[in-house]
Structures are given as structure tokens and as C-alpha cells.
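In what follows, a structure is listed as C-alpha cells, so that the remarks can point back to it.
The values are calculated or read from the model by the stated rules, or taken from the named source; none is laboratory data. Just so it is clear, the model here is predicted, and its values are computed rather than measured. Neighbour counts run over all protein chains shown; Cβ positions are idealised from the backbone, glycine included.
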Amino acid sequence: MTEEIIIAGFGGQGVLSMGKILAYSGVMQDKEVSWMPSYGPEMRGGTANVSVIISDERISSPIINQFDTAIILNQQSLDKFESSVKPGGLLIFDPNGITHNPTRKDINIYEIAATAKAQEMGISKVFNMVVLGGFLKLKPIVAPEFIHKGLEKSLPERHHNLIPQNEEAIEVGKGIIKPFHTL
Amino acid sequence: MTTADIIKPENLVYTKTKVLTDAVMHYCPGCGHGTAHRIIAEVIEEMGIQDKTIGIAPVGCSVLAYNYFDVDFQEAAHGRAPALATAAKRLNPDRFVFTYQGDGDLAAIGTAETIHACNRGENITMIFINNGIYGMTGGQMAPTTLVGMKSATTPYGRNVALNGYPLRITELIATLPGTRFVTRQSVHTPAAVRKAKTAIRKAFENQKDNKGLSFVEIVSSCNSGWKMTPVQANHWMEENMFPNYPIGDIKVDGKIVEGVDINRLVVDHPLTVVK
Amino acid sequence: MARELKLMKGNEAIARAMIASGTDGYFGYPITPQSEVMETLMLEKPWETTGMTVLQAESEMASINMVYGGAATGKKVATSSSSPGISLMQEGLTYLAGAEIPCLVVNVMRGGPGLGTIQPSQSDYFQSVKGGGHGDYQLYTLAPASVQEMYDFVFDAWDIAFKYRNPVLILSDGAIGQCMEKLYTRDYVPRWTEEERRKNAPWGTWGKPADRNHNIITSLELDSGRQEIFNLKLQAKYAEMKEKEVRYEALNCEDADYIIVAYGSSSRISMKAMQMAREKGLKVGLFRLITLFPFPTKQLNEVSKKCKGILTVEMSAGQMVEDVRLATECRVKVEHFGRFGGIIPTPTEVLEALENKIIK
């Protein structure tokens, strides 16, 4: 199993930390992982993206241009990465702020209204975990107990009291993800 | 009375410190470096710290200082001695670390390293030999060259419009809160040598007591570069260097000495002509 | 601290390896994309645990000269920077090599020339292995291709640096520096005691005891005859490194018709391209350089006898390719493929280049 993922959105949406929690969970489950962010001034409020690879084998390149899954959180990222999903692959997007929907017919596309749901529930801080939950519903590549360990490893200890809230958000995400176009 | 009768321990009034090697110094006759070396070496011997001292040599006339001091020595790239000393001291806090630099090394190419080492208040001793000229490379203008003073690169005299003002780096670093003891001395008379040695002793004692950075400027002559005899050079130094670089303590125990005017700069002092 | 499984960035791995390998001091100046090295050290406060000194210097010139001053006392002292900062350090590096001071310098490369870009690049190959500063000298140059190697090579660097009394360069780039991967930490190596320092660095300026002459650390020798003898001694040292300290990794080279030669992050991308090629039935191998100096000349020469063509992949306009051509004595076609200016080539591009430049 090798899963090559791009997570892309605005800086501040928790794109990098979502990737980090996923990667750390992979480590806890004894997978090979890599986490490769975009960096530089674009991190400071602009677009941010991270490539995460989780695999049973030694990972060759952490830098990739074709993805099994794209998790898209803004229009710019949709424009940039829709074409990079491998045929038959998966695209997940949050419709918040999306003016032009994805158009590919050769991939599975799901939408997750995570921004709206998180706002409604007053859990905007863990919005990214809602999105992660949606992804894990479709591709359960990491088991829930390892997600728990991944959260423990990625969050500073002073935030460990927030782990239940994060896990709750993952469950919320699993419940609200819905097909947009499927093969 | 024969020679043998005279050469006896009880008749000994002076001996070369064992902290200087027997290497023959390459300095010009009349130069202040030899005397400055000697009094530093004497202080090291008197404090019993020869086995704990690390010296840092510059690029300039004193580039070979490491051959003359019988202590462990590092030769720095031009201007970087305070950076070397910073690390040597921080990694060996129980050792005594001193830098020995000229005006081009300390106040031109190494200005940043000088100011930042002083500003951090490194617990080191910095010795600064100021003779207003680049001696080793053949007498070019230094940052401390006086207005009107001739050098190989100011053949018509230092011109403020062209070359800017003499840099009084010692007054400048005295304003930094990181410096503990800042003084300006000379070694051109026996009395001056004794005072300079007292200042160097204080600088090393400060280091021993972890009091922070001590900075000792020694205004010196460069009779070769100035194209004078040693005696003429000493007179010329008193008449022309001292008004711009007044001798005495500038900052003691972290406080500017009363009566010292940090901003004082005499640019219209007419230079005396050596006949 | 014992062996632990972690997930961390390459830059963080460098910092943690410095602490764990008994490094005595680190002096640095912030520059993207390697600032996490000093940030991690400052956060970890190793001065409270191992006693390691960490200081932010006023410039890269100051930090490399702090390395000189500290390392000349026989301590393990390191710095890190990225390309423009490493350019500023070239004076210090030639003095360190000339004074035979063991130390560690890490370059997390970004694109140039000039201020260039902050994105990853590999265009400092020439600077690293062809001098950089003035005079005839070499830096032992290690090119990590993973976060684990970023960590492990710091330990290896100290062994080589003190064995040969020579500066060691870890030549990485922004991709490996910023990437997070799995990492197994190692048991802590304690910092040397005073006695160990005196034993391992008898040449150091740590204070002259009565029973030895004063130690002098200098790169100055005004007598040309003696300077030539010293240069010959350096050359003998470099020759010994070439003989004993070459490191590389050959993957699928035994049956390969075509070989990709790369180092660092390019070798990771090339590994993926090799896998894609093998899936297409093309017999492609990967020769990954681990040491850039000493260059694996003999080993590449052997490999070239059995293959039909070589593609070098570098994030540069083509620098290492010159050494590959020399090593293979132009026996087979050697072509360069690279992206630069901070652009990272994709595995697809590498495979296309291999097919178009070498196989076709």
C-alpha cells in the first residue's frame, strides 16, 4: 500500500498540521511516511500545501507531482491540483469559497462542508480534523487508535486536553462527507 | 670587580618574562608592539595564568604575535579575532582569552565583530593597537588616520570630504552597555608603560572575576609608516595623536569616567610638521 | 537518551543530532530554508543538559569564525546556513582547512545566483567540492538524501573531522531540510571531558601546560618552501580520503542498461523515476553519491563499463555531470538533466529526460 496525498488550502486552515497528524499516525502504525510542505513567504497567510506519503515500503521521492488523493480547501488549490490527481484517484473539497466546481470525470470526487459544520458546532479550531475525518471515512489507511497516538505525538502536551475534541471532529467529518461525482 | 662578580641573582633588577619566547621580533625599532607584547606577557606571568591563556592574533603587523608569546595562540582571519575569542571563551570559560588587533583589523574590516563582541559583553580582554596607519601593507590609510595625515593612499593628507572622519572606535564601544572597562593608554615613556601595564592587569583581573569585556587601546607610533625617526614619532604622536585620542580611562566598572567627553573630536587640529 | 522513533524535519534532525553527538558548540545566523536548526537548538536549551553552547552570531562571517575560535581549542563546533550565507563563509572555510581545524558546516542549499530563491536547489556543488574559497583545499562533503541521513551524518562527520583534522560539509537542500520523515534517534554520545579533549586534540589551543610547547593554530606560512611541504601534506590527506572514505549507494546497477547518477533530494526523485522505468520494462539503475568529495571515481568507472548510457540529475545547470564524465572517461554517453532556480524536477520529467536524452 502506498497512498500519495496532497493537502492544499490557505495558511491558517491547519493544512500542515493535518498532514503532520496523518503522518505521525502512520509512523505509529509502523508505516513509512514523508511530509513535504511548501515553505517560504507563501506560508505567511497565502496558500499552503503539503504532500504526505504513507506506505508499507521505503518511500522513494517525497516530492511528487501525481497524487492518489487531493484534499482541497480553497479555489486556488482546486485550480492548481485538480489535474494532478491520478486517473481513478480521489478529490475531496470543501465547497466553502469554491466558485468553480471540479470538472474531472475520471476520478472520484467528494465534498465535505467542514467549514460550515465546524462553525455551526463552534469547533472552528478543529476544522481540519473534520476534513481529515472525511478522508479517513473513504480511505481508512490509518486505524483510529493510531490517529489517537498521532495526535498525542503531534500536539504539544499542554494541548493534550483537546485530543477528545479533535477525535470528535474526526467523527463529525466521517458523518458529513458526501459524493459529488463517483465512478 | 669582574663581570662574574656582577652577574649574581641578588643583583638582578630586570629579566625577560618567560611568557615571551626567545624568537627575535620582526617589529621595526621604535615600534610599540614589542613593549605592548612584553607587558601583556608580564601580566600573564604575574597572574600565573600561562597554562590557561589563549591568545588571538590578527592580520596586520602583529600577525606573527603567536611566535612571541609562549601561550597557546590562534591566528584569525583579518578582523575576525573577536568572533574567535567569543567562541574560545564560551567553550572554555575557565581559560583567559585575549585578542590583539591593530586599527585596520579591529576598526575597519572587523568593525562588526568588534562591536557585537563588545555589545554581547563577552568575558574577554581586547587589546587594540592604534597607530593610525596600515603598517604591514606599507602605510595606507587606516580608519584612525588623522585628518590631514599623509599615507600611501592619502598622499595629499586625509581629506574629510573624500575619506570621512577618523573613527574613535574606543569611545564608540564605551557607550555599549556590554563593556566593563574601556581605557586608552600608550607605551612611549616608562611612566606610560607602567600605566598601560596596570590597565592590562585590570583587564585580565576583570576576566578572572567574570566581570565582562575589557578593552585596552594603546596609542602607538609607527615611525616607519609615518616616515620619522623613533624619537620624532613619539613627539609627533604626543602632539597630534593624543588630542584626538586622549590618554586615560574612558569607562571604569561599567560607568563612563566623569569629565570624559565621548563625542569630542578635534578635526581642525593643525598637524605639526616634522623637520 | 535511547533509540526512539520520531517524525521530524531534516533541519530539526541536524539540530537534534548535534546535541546527541556530543557537539560542544553551535554558532549560526538565520537564513531560509535552514533556520529551524538554530530554532530547535534554542528551544531545546542543550546548555542545561549536555552543556552545549549555542549562540546567534551577528553574521555568517562571525559564525564561521566562531567555529574557528571554538574548534581550534579542540572542541566539536558546528554551524549551518544556506547558500548565500555559505558564500559569506568561504573565507572562514579556507582558513579552517588551512589551519586543519576539524569542524562541521551544514549547507541547506537554495537557488542562486545572488539572493536567488529560497526554494531548494543543488547549485552549490562546484562551491563545495572545487574549492569555494582560495587555495588548494577540500572539504569532506556528505550529501544526505533523507531525514535519517541528516541525523546520522552529523555523527559520522565528527569521526571524519577529527580523524583527518579537516572540516566536514553536509551538503543538503531545502527539500530534505523541510521534509518530515521517520527517524530513529541514537544513544547520546557524551561531550568530551577535559582529558578526552586533550587526548583527541593534542594540537588544540586549550592552554599550554608546562610539559609541552605552545600550540599555534594558523594557516600562515611565510616561507614558500615550508608552505609547499604543507600543501603536499594536505594533498596526501585528501588522497587518503579518496582511498578510504568514499561512500555511495548503487541500486539495481548490476543488470542496468541505463544508470541515473544523482545525490541528495535529486536521488530520491530519481529513485522514483527508476521504479517507473522498471515498471515499463526498462533496465534502469541508480547510482547515488553519498560523498561528493571524495568522489566515487573508481566505482563509477566500473559501473560505466557495463551500461549503455548515464543520465545525471541535479537541481542545477549541470555541475556534477562534469565529474561523472571524467570518472567514466567518456566511455558511454553522459547527459545532464536538471531544473534550477528552486524548481524541483518531477519523477515523470526525469524518466522523460532519460528516454529522450539517453535511451532514444
Legend entry - C:GLY207 being assigned to a loop (DSSP other than H, G, I, E, B), farther than 22 Å from C:ARG247 by Cα, free of Cβ contacts under 8 Å to residues at least 24 places away in the same chain and more than 11 Å from the chain's Cα centre (by Cα): yes
Legend entry - From C:SER172, C:SER146, C:SER121, residue being out of contact with any Phe, Trp or Tyr (no Cβ under 7 Å at 6 or more places or on another chain), within 14 Å of another protein chain (Cβ to nearest Cβ) and within 16 Å of C:PRO33 (Cβ to Cβ): C:SER172
Inset, instruction - Identify all residues within segment C:37-83 that are over 17 Å from C:LEU104 (Cα atoms) and more than 8 Å from chain B (Cβ to nearest Cβ); write none if there are none. - result: C:GLU39, C:THR40, C:MET42, C:LEU43, C:GLU44, C:LYS45, C:PRO46, C:TRP47, C:GLU48, C:THR49, C:THR50, C:GLY51
Inset, instruction - May I ask you to verify whether C:GLY112 is more than 13 Å from the chain's Cα centre (by Cα) and modelled with pLDDT under 95? - result: yes
Inset, instruction - Could you tell me whether segment A:4-20 includes any residue that is outside any loop (DSSP other than H, G, I, E, B) and at the interface with chain C (Cβ under 9 Å from one of its Cβ atoms)? - result: yes
Inset, instruction - Counting only residues that are among the small types (Gly, Ala, Ser) and out of contact with any Gly (no Cβ under 6 Å at 6 or more places or on another chain), give me the helices (runs of 4 or more DSSP H) lying completely in segment C:34-145 with at least 1 of them. - result: C:60-71, C:83-88, C:90-98, C:125-129
Inset, instruction - Tell me, please, whether a residue that is in a helix (DSSP H, G or I), more than 24 Å from A:VAL33 (Cα to Cα) and without any contact (Cβ under 8 Å) to a residue 40 or more places away in the chain can be found in segment C:341-352. - result: yes
Legend entry - Evaluation of C:ALA201 against (1) at pLDDT below 95; (2) within 14 Å of chain B (Cβ to nearest Cβ) (one fails), failing number: (1)
Inset, instruction - Could you name every one of the strands (runs of 3 or more DSSP E) located completely within segment B:1-113 that has at least 3 residues being within 12 Å of another protein chain (Cβ to nearest Cβ), among the aliphatic types (A, V, I, L, M) and buried (at least 19 other Cβ atoms within 10 Å of the Cβ)? - result: B:53-57
Legend entry - When residues of segment B:158-168 are limited to those that are surrounded by fewer than 23 Cβ atoms within 10 Å (Cβ to Cβ) and in contact (Cβ under 8 Å) with a residue 40 or more places away in the chain, the one farthest from the chain's Cα centre (by Cα): B:VAL160
Inset, instruction - Using the structure shown, decide if B:THR198 is crowded, with 24+ Cβ neighbours inside 10 Å, of a type outside the set (Lys, Arg), under 22 Å from B:VAL97 (Cα atoms) and under 15 Å from the mean Cα position of the chain (by Cα). - result: no
Legend entry - Residue in segment B:224-243 that is under 17 Å from the mean Cα position of the chain (by Cα), outside any helix (DSSP H, G or I) and surrounded by 14 or more Cβ atoms within 10 Å (Cβ to Cβ) present: no
Inset, instruction - For residues that are in contact with a strand residue (DSSP E or B) (Cβ under 6 Å, 6 or more places away or on another chain) and not small (Gly, Ala, Ser), tally how many sit in segment B:203-249. - result: 15
Inset, instruction - From (1) touching a Pro at 6+ places or on another chain (Cβ under 8 Å); (2) surrounded by 13 or more Cβ atoms within 10 Å (Cβ to Cβ), pick out the condition that doesn't hold for A:HIS148. - result: (1)
Legend entry - Qualifying positions in segment C:231-252 - in contact (Cβ under 8 Å) with a residue 60 or more places away in the chain and part of a loop (DSSP other than H, G, I, E, B): C:GLU245, C:ARG247
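For (1) free of Cβ contacts under 8 Å to residues at least 24 places away in the same chain; (2) out of contact with any helix residue (DSSP H, G or I) (no Cβ under 8 Å at 6 or more places or on another chain); (3) among the hydroxyl-bearing types (Ser, Thr, Tyr), each residue gets a yes or a no:
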| position | (1), (2), (3) |
| --- | --- |
| B:ASP209 | yes, yes, no |
| B:PHE215 | no, no, no |
| B:ASN244 | no, yes, no |
| B:VAL252 | no, yes, no |
| B:ILE262 | no, no, no |
Inset, instruction - Looking only at segment C:147-181, count how many residues are surrounded by fewer than 24 Cβ atoms within 10 Å (Cβ to Cβ), closer than 30 Å to A:LYS20 by Cα and not aromatic (Phe, Trp, Tyr). - result: 4
Inset, instruction - Output the residues belonging to segment C:1-29 that are away from chain A (no Cβ under 14 Å), part of a loop (DSSP other than H, G, I, E, B) and in contact with a strand residue (DSSP E or B) (Cβ under 8 Å, 6 or more places away or on another chain). - result: C:ARG3, C:THR23, C:ASP24, C:TYR29
Inset, instruction - Exactly one condition in (1) at the interface with another protein chain (Cβ under 10 Å from one of its Cβ atoms); (2) over 14 Å from the mean Cα position of the chain (by Cα); (3) crowded, with 24+ Cβ neighbours inside 10 Å is not met by B:CYS118; state its number. - result: (1)
